[in-house]
1. In the range 147-169, how many residues are touching a strand residue (DSSP E or B) at 6+ places or on another chain (Cβ under 8 Å) and assigned to a loop (DSSP other than H, G, I, E, B)?
2. List pairs: first residue in the range 13-30 and at positive phi and surrounded by fewer than 23 Cβ atoms within 10 Å (Cβ to Cβ), second residue at pLDDT 95 or above and in a helix (DSSP H, G or I) anywhere in the structure, Cβ distance under 6 angstrom, at least six positions apart or on different chains.
3. Taking the range 117-156 as the region of interest, how many residues are at pLDDT 85 or above, under 17 Å from residue 7 (Cβ atoms) and touching a helix residue (DSSP H, G or I) at 6+ places or on another chain (Cβ under 6 Å)?
4. Which of the residues belonging to the range 170-184 are within 18 Å of residue 158 (Cβ to Cβ) and either in a loop (DSSP other than H, G, I, E, B) or over 21 Å from the mean Cα position of the chain (by Cα) (or both)?
5. Go through the range 31-57 and count every residue that is assigned to a loop (DSSP other than H, G, I, E, B) and at negative phi.
6. Could you check, for the range 85-94, whether at least one of its residues is exposed (fewer than 15 other Cβ atoms within 10 Å of the Cβ), modelled with pLDDT under 85 and either more than 14 Å from residue 18 (Cβ to Cβ) or in contact with a strand residue (DSSP E or B) (Cβ under 8 Å, 6 or more places away or on another chain) (or both)?
7. Give the residues of the range 39-71 that are crowded, with 18+ Cβ neighbours inside 10 Å, in contact with a strand residue (DSSP E or B) (Cβ under 6 Å, 6 or more places away or on another chain) and more than 19 Å from residue 167 (Cα to Cα), sorted by residue number.
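The values are calculated or read from the model by the stated rules, or taken from the named source; none is laboratory data. Here the structure is a predicted model, which means the values were calculated and not measured. Don't worry about glycine lacking a Cβ; one is built from the backbone with ideal geometry, like all the others, and counts go over all protein chains shown.
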């Protein structure tokens, strides 16, 4: 059985990917949410989404949920979350770390390519462990934002977050809000 660490922000992409994996795989899934400081009220919105959706997703199939707190980094949210996830994945000897972005994100993000290289470099450093992990973004080439939205039952659609505004209110202006206007 594949043992995976699933990085979950509570956003559309990661929630749809998590929901899909809970329904369609027999993976042993450990879900981890990183609370990113210095993101204003966005951190609270993300955590509220995770906490409100967790009981719904646990009914699909039980999983372990953990959280940690980190400072948002100039290299991006995904970077700091994957670094934190690697710490857990190596300690617990998971097979892979799963993140989720979609076709809508355009060409592969430079920081996702970099994260793949960071995981590869860590796998080559056998000073601390001989264990190897895989960095996986399974929806990257197959799912659109609309497909993610349609994958979710209504009760999850109502709780997922997407706005990139830091003031706590859905702004309707950021790129994520504009995408969601077209999808919903």
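1. From the range 147-169, those touching a strand residue (DSSP E or B) at 6+ places or on another chain (Cβ under 8 Å) are 160-162; that's our starting set.
Applying the additional criterion that residues be assigned to a loop (DSSP other than H, G, I, E, B) yields 160, 162.
Going through the range 147-169 one residue at a time, the tally reaches 2.
2. none
3. Of the residues in that region, 3 qualify.
4. Filtering the range 170-184 down to residues within 18 Å of residue 158 (Cβ to Cβ) leaves 170, 172, 176-177, 179-181, 183-184.
Scanning the range 170-184 gives 170, 172, 181, 184.
5. Taking the range 31-57 and keeping what is assigned to a loop (DSSP other than H, G, I, E, B), we get 38-41.
Narrowing further to those that are at negative phi: 39, 41.
Total satisfying the criteria: 2.
6. Let us first name the residues in the range 85-94 that are exposed (fewer than 15 other Cβ atoms within 10 Å of the Cβ), namely 87, 91-93.
Now drop any that are not modelled with pLDDT under 85, which leaves none.
Scanning the range 85-94, I find no residue that is exposed (fewer than 15 other Cβ atoms within 10 Å of the Cβ), modelled with pLDDT under 85 and either more than 14 Å from residue 18 (Cβ to Cβ) or in contact with a strand residue (DSSP E or B) (Cβ under 8 Å, 6 or more places away or on another chain) (or both), so the answer is no.
7. 63
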